[in-house]
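Q: Following this message is one structure expressed as structure tokens.
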Amino acid sequence: ARSPRLRTLGSRLLVIPVVVAIALAGGFAGRIGTEADRQWHAFVHVGETGENSSPSSPSAGRSRLLSGAGNRYDYWRIAWQVWKSHPLGGVGGGNYARPYFERRSTIEDVEQPHSLELQALSELGLVGALLLGAFIAGVGWGAVRMRRGATASPLLRALMVGGLGTFTAWLVQASVDWMQLLPGLTAIALVAAVVLVWPRPASVAEATAPRPRPSFAGRPAIVLAACAIVATLIVGGASLSRQALADRFRSRAQSELATNRTAALADANRSLDIDADSVQAYYVKAAALAGFNQARGAETALATALRREPRNFVTWVLLGDVAARQGRLTLAKRYYTRASLLNPLNRTLRQLAVDPTAHTQ
């Protein structure tokens, strides 16, 4: 008899902190509004405070948890602009950095917009954003479906709370940072998603009921589905294996540049034989050829890389370096100018566009 009374008393006591919080919010409404306006101003006016301020500024030592300042507004602003320019298909996976360097308001060198949703929207367009939304909605549907069975099972409740909490924490962090780029953490989040969407019986009676044998008419569909899954896994595995092998040759070539240019050139060519679109491999090949004083070959390799990514300022810089070493300063100036237009906030590029010999002085 006492237990219901205690529960009722506990429920009433929970009202007290709520009332206190409302009273405090009403009393400090003006101060809260002023602080909110100040933080919003710091968020949207990049460079005035926060990460772009000098180390000696008062705001430089403030915690990110206490200040709205930072550069994320700049990352997100550009991602949104990129999506509006390419609404359906985006600019392609991994290509956010090209328009970012052209339009940035800060000197931060980033490759993605620090937001999973905005990265999908800017790089993969509406199609990619819808697919990401379908994935998140599917996990949410799995959590709702799991909740019905969790009311009667402590194990399911624990799995649901752990899985939903883990996935939500990952998603929230990935929405404002680059959590999804950490393979281990993303793998944990995907395991949590599997726990939530894994099919399970709705009741004990359903779990213990004998399962009917599938009819002959249903078997061809099952076989076709299994074949499709196996084929997808084979194709995906082969593609990943080729990419990993190409990256391995490119990485080895990069490390060999300083000691063995012949081996570096051979490994760079092996990497390109596997992945002919690897711009980084063309850079290594060009560096090896330049080390052998084969400027024409280096320019050819960089020109090939340029056809893959014409708006990559790094390629234009390397072309300028090759031309400057040959004494073709007019051509080098043209290359550096093009690089500076693609990365206008880089002071070194602006200086090289005026004086191509500045890096040798």
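Q: Largest first, how would V314, V15 line up by accessible area (1.4 Å probe)?
A: V15, V314
Q: Also, quick follow-up: Using the Kirkwood formula on the Cα atoms of region 85-164, what hydrodynamic radius do you get, in angstrom to one decimal?
A: Over region 85-164, the inverse of the mean reciprocal pair distance is 15.0 Å.
Q: Taking all protein chains together and a probe of 1.4 Å, list V317, V82, V197 from the most accessible to the least accessible.
A: These residues rank, largest area first, as V197, V317, V82.
Q: Which distance in nm do the two modelled labels at L245 and A152 give, with both placed 7 Å along the Cα-to-Cβ direction?
A: 5.4 nm
Q: Next question. Leaving out ligands and nucleic acids, and using a 1.4 Å probe, what accessible area per residue does region 282-346 come to in Å²?
A: Roughly 47 Å² per residue, with all protein chains present.
Q: Continuing with this model, one more query. Can you tally the net charge around L331? Count Lys and Arg as +1, Asp and Glu as -1, for every other residue whose Cβ sits under 12 Å from the Cβ of L331.
A: Every neighbour counted, the sum reads +3.
Q: Pull out the extension gain between A23 and K84, defined as 0.36 nm times the separation in residues minus the alpha carbon to alpha carbon distance; nm, one decimal.
A: Extending this stretch completely gives an extra 17.6 nm.
Q: Something else about it: Where does each of K285, K333 land when they are ordered by accessible area, with a 1.4 Å probe and the largest first?
A: Result of the area sort, largest leading: K333, K285.
Q: What list of ³J(HN,Hα) values in whole Hz, one per residue of region 334-342 in order, does the Karplus curve 6.51 cos²θ - 1.76 cosθ + 1.60 (θ = phi - 60°) give from phi, with Gly and Pro shown as x?
A: 5, 5, 5, 5, 4, 4, 5, 5, 7
Q: Same structure, new question: Report L329's accessible area, 1.4 Å probe, all protein chains in place, as a number in Å² to the nearest 10.
A: Counting only protein heavy atoms, L329 exposes about 70 Å² to solvent.
Q: Given points 7 Å out from each Cα along the Cα-Cβ axis, report the W178 to N269 separation in nanometres with one decimal.
A: 3.5 nm
Q: Of all the accessible heavy-atom surface of region 268-347, with the other protein chains kept in place and a 1.4 Å probe, what percent is carbon and sulfur?
A: The C+S portion of the solvent-accessible surface of region 268-347 is 50 percent.
Q: Multiplying the sequence separation of T259 and L341 by 0.36 nm and subtracting their Cα-Cα distance, what value in nm do you get?
A: Net length gain for the segment: 26.0 nm.
Q: Taking the alpha-carbon centroid of each part, what is the distance from region 294-346 to region 225-247 in angstrom?
A: Answer, in whole Å: 36.
Q: In the full protein assembly as shown, how much of H86 is accessible to a 1.4 Å probe, in Å² to the nearest 10?
A: Accessible surface of H86 is approximately 80 Å².
Q: Run the simple label-point estimate for A169 and L185 please: 7 Å along Cα→C-beta, distance reported in nm.
A: 1.1 nm
The values are calculated or read from the model by the stated rules, or taken from the named source; none is laboratory data. Since the structure is predicted, the reported quantities are computational estimates derived from the model, not experimental observations. As a convention, Cβ positions derive from the backbone with ideal geometry for all residues, glycine included, and neighbour counts pool all protein chains shown. The protein model used for the area step is the full one, side chains on, heavy atoms only, and it has no ligands, DNA or RNA in it. Shrake-Rupley method; radii C 1.70, N 1.55, O 1.52, S 1.80 Å.
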